[in-house]
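Notes follow once the structure below has been shown.
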Amino acid sequence: MRNLLVCQHVPYEPLGTLNPLLKREGYRIRYVNFGRDPDAQPTLDGYNGLVLLGGPMSVLETARYPHLEVEMSLIKNAIEHELPVLGICLGAQLIAKALGAEVRPHSEREIGWYPLSVTTPARSDPVFGHFEEPDHVFQWHGDTFDIPDGAVHLAATRGCTNQAFRYGDNVYGLQFHLEVDEPMIERWLNVPLHVAEIEDTAGRIDPEVIRRETPRHIGRLKTLSERVFGEFVRILGYRKRLAALPSR
C-alpha cells in the first residue's frame, strides 16, 4: 500500500478532485488537520509523498500558527529524502518559504477566475505541459511568493507573476486551485471569513460574477485537474516510501 501525508488547515479546503485520482491508484491518505489539532507533530516515516493544502492564514503568521513551522520542517525533510511534494495556495507558499524565498502580501487579492499564462519551460514540463492559453484557473489568495533559487518558474497571471514553480523534478507549488469543483466553490463563497474578505474589496470582487463564470470554466478545470494531478500521481508512483527515521 502506498501512503500519502496531507496537511489540511480548514475543513472546507480538502483534496477535492485530487482525492479520487489518488484513491483510484490505491493510495492510503492520512490527513493531518491542523485546524483541529494545531499541536500535531507528524513525521514522514512510511510515506511516499506530501501534499499541503490551502488555508486562510498567512505563512507570515507563524507566531499565531506554530504548525506552519512544523509543515516547513516536513517540506525540508521530504525534499532531503527526494519525496514528491505538492503545495496548493498556502501549501505553495510554505514550500517557497521552506526553500528560502520571500512570501509577502500581494498588491491585491485574486479571488475568482483568472486567465493563466505558462512559461516556456512549462511547455516541456510533464505536469504543466497540459495547459493551453488562455486557460482560466480558480484563485483565492492575498499573498504571493518569490520563485525559490534553483526552481523553475512555470506560470503567471496578469496581476500576479509567480503562480507556479517546480523544484527538482518532484516538488511543485501551485498558487491557484485546480482541486475545486462547483460545489466547493459555492461553499467557499458562503464561508463567513470569505464573505468578509470579498466585502473588504469594496466591490472589486463580485461573488455573483464568480457564480456566472464558474459553469463556463469548470469543465476545462476538471480536465486540467485530471491531467495535471494525474501526472503528479504518476511521479508519486515512481518514488519509494521513506523508511522509518531514528528518533530525534
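Only the coordinates and a few stated rules stand behind these numbers; no lab work does. Values in this document were obtained by computation on a predicted structure and should not be read as measured data. Positions of Cβ are backbone-derived with ideal geometry, glycine not excepted, and every protein chain shown enters the neighbour counts.
How do T62, T214 line up, fewest other C-beta atoms within 10 Å first? Present the calculation step by step, with values, prior to reporting the outcome.
Details: T62 16, T214 19.
The order, fewest Cβ neighbours first, is T62, T214.
Pairs of alpha-carbon atoms within less than 8 angstrom and 6+ residues apart define the contacts here; what relative contact order does the chain have, in percent?
22 percent
As a test, work out the antiparallel percent of DSSP beta bridges whose residues both lie in the chain, rounded to the nearest 5.
Among the beta bridges of the chain, antiparallel pairing accounts for roughly 55 percent.
When only Cα pairs below 8 angstrom with a gap of at least 6 residues are kept, the range 135-236 shows a relative contact order of 24 percent.
Please arrange K222, K23, K97 by how many other C-beta atoms lie within 10 Å of their C-beta, fewest to most.
Values: K222 15, K23 12, K97 22.
With the sparsest Cβ surroundings first, the list reads K23, K222, K97.
For a straight C-alpha distance cut-off of 19 angstrom, the aspartates and glutamates reachable from K222 (same-chain residues fewer than eight places away being disregarded) are E13, E25, E132, E133, D135, E179, D181, E182, E186, E213, E231. Less than 17 Å apart at the alpha-carbon level, and either on another chain or at least 8 residues along: which aspartates and glutamates does that give for K76? Of all the aspartates and glutamates, those that pass the test against K76 - Cα under 17 Å, at least 8 places apart if same chain - are D45, E102, D149, D169.
Sorted fewest first by neighbouring Cβ atoms within 10 angstrom, H9, H194 come out as H194, H9.
Sequence gap at least 6, Cα distance under 8 Å: using those rules, report the relative contact order of the range 18-161 to the nearest whole percent. Walk me through the numbers before you get to the answer.
On the way: 195 pairs, mean separation 30.1, N = 144.
That works out to 21 percent.
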